[in-house]
Amino acid sequence: AQTIHQWPVAEIKAVGSPLSLGCTIKGKSSPNLYWYWQATGGTLQQLFYSITVGQVESVVQLNLSASRPKDDQFILSTEKLLLSHSGFYLCAWSLGINSDYTFGSGTRLLVI
Amino acid sequence: GDSVTQTEGPVTVSESESLIINCTYSATSIAYPNLFWYVRYPGEGLQLLLKVITAGQKGSSRGFEATYNKETTSFHLQKASVQESDSAVYYCALGPDSNNRIFFGDGTQLVVKP
């Protein structure tokens, strides 16, 4: 059964417009949650991680923010998109240090 | 820092040929890194292909194998005979650090021709 769902699958957005990407985890209690991003031709890098509801740590500064309003939900957002935000966004969960990641199917974002 | 470098893609091979995708790593903040190969098939998310947690050990899955070589800091991915269904993007990775962060390479696109 699919444990992680990301939405939307793909987006085309204008520079300066807002963005909200979502990630929901099913059937796992208190998972660690992560946002990863890969620019076209770039490296897949971690943006944020969260160990518990309401707490999010930023790893890379990209004028993006993340929130965890519920135990099973992780949101990535910005009020003003930049061209450099284009790329592939992946959400993942794990059950703690040294446990394997499970990734979502990703969201492909094109900012024009 | 902690980083991974892998073969730049795309890599194109014919079906039934052998494959090697090179991966070397640098682990400065992680004393005993785990090494991973992830795969992303078209239209799908990232999946764990194989993982090795002990230096000197070999991991294998779906006909792919990789050996954790601490001396050469390498974790090359090999397959003796590829299939068209192996066409995907392959990522080498290491981790986790104290924040459970995994560090990925840039990915290598593999194209298998029929």
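Here is a yes/no grid of residues against (1) touching a residue at least 12 places away in the same chain (Cβ under 8 Å); (2) on the phi > 0 side of the Ramachandran plot:
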residue	(1), (2)
B:52	yes, no
B:62	yes, yes
B:87	yes, no
B:93	yes, no
B:99	no, no
B:103	yes, no
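Within the stretch A:99-112, the set of residues being touching a Ser or Thr at 6+ places or on another chain (Cβ under 7 Å), in a loop (DSSP other than H, G, I, E, B) and surrounded by fewer than 20 Cβ atoms within 10 Å (Cβ to Cβ) comprises just one member, A:100. Would the stretch B:74-90 turn up any residue that is within 11 Å of another protein chain (Cβ to nearest Cβ) and hydrophobic (A, V, I, L, M, F, W, C)? Yes: the stretch B:74-90 contains one or more residues that are within 11 Å of another protein chain (Cβ to nearest Cβ) and hydrophobic (A, V, I, L, M, F, W, C). Cβ separations smaller than 6 Å between residues 6+ apart or across chains give the following pairs from the stretch A:84-112 residues that are closer than 20 Å to residue A:14 by Cα and more than 7 Å from chain B (Cβ to nearest Cβ) to residues that are outside any loop (DSSP other than H, G, I, E, B) and of a type in the set (S, T, N, Q): A:87/A:38; A:88/A:38; A:89/A:107; A:107/A:6.
Is at least one residue of the stretch B:36-57 farther than 27 Å from residue A:93 by Cβ and either within 13 Å of the chain's Cα centre (by Cα) or not acidic (Asp, Glu) (or both)?
yes
Surrounded by 14 or more Cβ atoms within 10 Å (Cβ to Cβ), in contact with a Ser or Thr (Cβ under 9 Å, 6 or more places away or on another chain), of a type in the set (Phe, Trp, Tyr) and within 14 Å of chain A (Cβ to nearest Cβ): is that true of residue B:25 in this structure? Give the derivation first.
Details: surrounded by 14 or more Cβ atoms within 10 Å (Cβ to Cβ): yes; in contact with a Ser or Thr (Cβ under 9 Å, 6 or more places away or on another chain): yes; of a type in the set (Phe, Trp, Tyr): yes; within 14 Å of chain A (Cβ to nearest Cβ): yes.
Taking the combined requirement at face value, the residue satisfies it.
Kindly indicate whether any position in the stretch B:16-25 is more than 11 Å from the chain's Cα centre (by Cα), of a type in the set (D, E, K, R) and modelled with pLDDT of 95 or more. Yes; the residues of the stretch B:16-25 include at least one that is more than 11 Å from the chain's Cα centre (by Cα), of a type in the set (D, E, K, R) and modelled with pLDDT of 95 or more. Need the failing condition index for residue B:73 against (1) surrounded by fewer than 21 Cβ atoms within 10 Å (Cβ to Cβ); (2) in contact (Cβ under 8 Å) with a residue 24 or more places away in the chain; (3) on the phi < 0 side of the Ramachandran plot, just the number. In the conditions (1) surrounded by fewer than 21 Cβ atoms within 10 Å (Cβ to Cβ); (2) in contact (Cβ under 8 Å) with a residue 24 or more places away in the chain; (3) on the phi < 0 side of the Ramachandran plot, residue B:73 misses (3) alone. The set of residues in the stretch B:91-100 being touching a Gly at 6+ places or on another chain (Cβ under 9 Å), crowded, with 20+ Cβ neighbours inside 10 Å and either closer than 12 Å to residue A:34 by Cβ or at the interface with chain A (Cβ under 10 Å from one of its Cβ atoms) (or both) consists of B:91, B:93.
Here is a check on your reading of the model: is residue A:11 more than 9 Å from every other protein chain (Cβ to nearest Cβ) and acidic (Asp, Glu)? Even if it seems obvious, please write down each step before you answer.
Working: more than 9 Å from every other protein chain (Cβ to nearest Cβ): yes; acidic (Asp, Glu): yes.
So residue A:11 passes the test.
Just one residue in the set A:76, A:44, A:81, A:62 is surrounded by 14 or more Cβ atoms within 10 Å (Cβ to Cβ), away from every other protein chain (no Cβ under 13 Å) and modelled with pLDDT under 95; that residue is A:62.
The stretch B:44-96 holds strands (runs of 3 or more DSSP E) entirely within its bounds, and those carrying 1 or more residues that are among the acidic types (Asp, Glu) map to B:64-67.
The values are calculated or read from the model by the stated rules, or taken from the named source; none is laboratory data. Treat the numbers as computed from the prediction; the structure is a model and nothing was measured. When we count neighbours, we look across all protein chains shown, and the Cβ atoms used for this are built from the backbone with ideal geometry, even at glycine.
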